[in-house]
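Peer 1: One structure, pasted below without further comment.
The values are calculated or read from the model by the stated rules, or taken from the named source; none is laboratory data. Note that the structure is predicted; figures quoted are calculated from it, not measured. Positions of Cβ are generated from backbone atoms using ideal geometry, with glycine treated the same way; all protein chains shown enter the neighbour counts. The area values use the complete protein model at the heavy-atom level, side chains included, leaving out ligands, DNA and RNA. Shrake-Rupley method; radii C 1.70, N 1.55, O 1.52, S 1.80 Å.
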Amino acid sequence: MTTFHASILPVLIIGGTGKTGRRLAERLTATGIPVRIGSRNAAPAFDWENPQSWAIALEGVSAAYITYYPDLAVPGAAEAVGALARLAVRKGVKRLVLLSGRGEPEAQRAEEALQASGADWTIIRASWFAQNFSESFFLAPILAGELALPVDGVREPFIHADDIADVAAAALTDNRHVGQLYEVTGPRLLTFAEATSEIAKATGRDIRFQTIPHEAFMQGLVADGVPADIAGLIDELFTQVLDGRNEYLSDGVQRALGRAPRDFADFVGETAATGVWEPVR
Ligand SMILES: NC(=O)c1ccc[n+]([C@@H]2O[C@H](COP(=O)([O-])OP(=O)(O)OC[C@H]3O[C@@H](n4cnc5c(N)ncnc54)[C@H](OP(=O)(O)O)[C@@H]3O)[C@@H](O)[C@H]2O)c1
């Protein structure tokens, strides 16, 4: 195995408290690799909205894992990722791993910006995360007993965030992953109704899935406090990415790690056991 230089310099994990970044931080720390969390609440702080914070966060790190927030589909995301990558390369931080999304033209522009930056790059192009149901925007509806989305029978191969973190950890520590684009998905296509039903069965709760019009979906987001522009963006993602274009399995986890990805059932079983899907009475 060609290992990345055994460095005592930390790896910068942008979004290091998020769904994949937190898991990556645990993995690197467990193997003795120091990490620097990139977040608005870390010290030094990293904020995508404040480019001056980027140079300080990149100071003295060996490599970086880049997750953009809230989504690579946001206007200006590709430019920000490109600018950050070029700055990193100028500062001698050449090993960069980007978390990207499948079927999103804007995310692909961010990938191209990374590839053109001169970095030793790896791209992890992921399907929807299973953890959206337990650590993100689907959790509240699951707890409320009804998930209502503007999607019908489209199927998605939800990926376990642990698999993304495993691929990212490998990409940051093994030279064989330089220049690789890994399209990573779970091993099974599921409709959102089927995914909801698996969670309902595992928890013994009555949780229904309902298809609703886009307009009602956006109104619901705004009523929940999501700013109107972000609500529009989320709705656009549902329209664009869930039009059937992503209804296929990819072998990125197998190619990167030499093993199959975790199944949605693994995620459901272990997450149900934590009690996170039990409404507080
Ligand atoms: N969720 C999916 O299904 C999915 C699928 C494919 C690709 N992706 C991509 O994955 C990326 C991350 O999405 P996610 O949903 O998984 O989010 P996430 O990583 O769970 O996001 C939260 C993290 O972002 C940090 N953060 C928030 N605002 C920030 C800012 N302005 N500057 C710096 N850090 C900030 C948070 O820390 P602080 O709050 O402390 O700043 C936290 O560490 C997106 O680019 C998305 O396109 C997501």
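Peer 1: Of Val61, Val74, Val81, which residue is touching a Phe, Trp or Tyr at 6+ places or on another chain (Cβ under 8 Å), assigned to a loop (DSSP other than H, G, I, E, B) and either buried (at least 18 other Cβ atoms within 10 Å of the Cβ) or among the hydrophobic types (A, V, I, L, M, F, W, C) (or both)? Show your work before the answer.
Peer 2: On the way: Val61 fails: touching a Phe, Trp or Tyr at 6+ places or on another chain (Cβ under 8 Å); Val81 fails: assigned to a loop (DSSP other than H, G, I, E, B).
None of the others qualify; the one that does is Val74.
Peer 1: Let me ask another. What's the number of the only condition in (1) of a type in the set (Gly, Ala, Ser); (2) within 7 Å of the ligand (Cβ to nearest atom); (3) more than 20 Å from Gln180 (Cβ to Cβ) that Ala30 fails to meet?
Peer 2: Single failed check for Ala30: (2).
Peer 1: Please name all residue pairs, on different chains or six or more residues apart, with Cβ atoms under 9 Å, provided the first residue is in region 238-261 and is among the hydroxyl-bearing types (Ser, Thr, Tyr) and the second residue is surrounded by fewer than 16 Cβ atoms within 10 Å (Cβ to Cβ).
Peer 2: Every condition considered, the pairs that remain are Thr239/His214.
Peer 1: How many of the residues making up region 84-104 are more than 18 Å from the chain's Cα centre (by Cα), surrounded by fewer than 22 Cβ atoms within 10 Å (Cβ to Cβ) and either modelled with pLDDT under 95 or not hydrophobic (A, V, I, L, M, F, W, C) (or both)?
Peer 2: The qualifying residues number 5.
Peer 1: Hey, another quick one. Outside any helix (DSSP H, G or I) and at pLDDT 95 or above, is that true of Ala42? Working first, answer last.
Peer 2: Values: outside any helix (DSSP H, G or I): yes; at pLDDT 95 or above: yes.
Spelling it out, Ala42 is indeed outside any helix (DSSP H, G or I) and at pLDDT 95 or above.
Listed here are the residues, each with its yes/no results for (1) within 23 Å of the chain's Cα centre (by Cα); (2) part of a loop (DSSP other than H, G, I, E, B); (3) of a type in the set (Phe, Trp, Tyr).
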| residue | (1), (2), (3) |
| --- | --- |
| Phe217 | yes, no, yes |
| Leu233 | yes, no, no |
| Val268 | yes, no, no |
| Val280 | no, yes, no |
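Residues are listed down the side, and each one gets a yes or a no for (1) closer than 25 Å to Asn175 by Cα; (2) of a type in the set (D, E, K, R); (3) touching a residue at least 24 places away in the same chain (Cβ under 8 Å):
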position	(1), (2), (3)
Thr17	no, no, yes
Thr20	yes, no, yes
Arg23	yes, yes, yes
Glu26	yes, yes, yes
Pro34	yes, no, yes
Ile37	yes, no, yes
Ala43	no, no, no
Glu49	no, yes, no
Gln52	no, no, no
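Peer 1: Okay, next question. Looking at (1) without any contact (Cβ under 8 Å) to a residue 12 or more places away in the chain; (2) touching a Pro at 6+ places or on another chain (Cβ under 9 Å), which one does Pro213 not meet, given that it meets all the others?
Peer 2: (1)
Peer 1: Scan region 94-150 residue by residue and report those that are under 17 Å from Ala78 (Cα atoms) and more than 13 Å from the ligand (Cβ to nearest atom). Spell out the reasoning first.
Peer 2: The initial filter retains those residues of region 94-150 that are under 17 Å from Ala78 (Cα atoms), namely 96-119, 121-126.
Once the filter is applied, which keeps residues that are under 17 Å from Ala78 (Cα atoms) and more than 13 Å from the ligand (Cβ to nearest atom), region 94-150 yields Leu96, Glu112, Ala113, Gln115, Ala116, Ser117, Gly118, Ala119, Trp121, Thr122.
Peer 1: Report every pair of residues separated by at least 6 positions or lying on different chains whose Cβ atoms are under 9 Å apart, first residue within region 60-75 and within 14 Å of Leu87 (Cα to Cα), second open to solvent by 10 Å² or more (accessible area, probe 1.4 Å) and polar (S, T, N, Q).
Peer 2: Ser62/Ser7; Ala63/Ser7; Ala63/Thr173
Peer 1: Being closer than 16 Å to Ala165 by Cβ, among the small types (Gly, Ala, Ser), away from the ligand (no atom under 13 Å from the Cβ) and loosely packed, with under 15 Cβ neighbours inside 10 Å: is that true of Ala55 here? Show your work before the answer.
Peer 2: Details: closer than 16 Å to Ala165 by Cβ: no; among the small types (Gly, Ala, Ser): yes; away from the ligand (no atom under 13 Å from the Cβ): yes; loosely packed, with under 15 Cβ neighbours inside 10 Å: yes.
So Ala55 fails the test.
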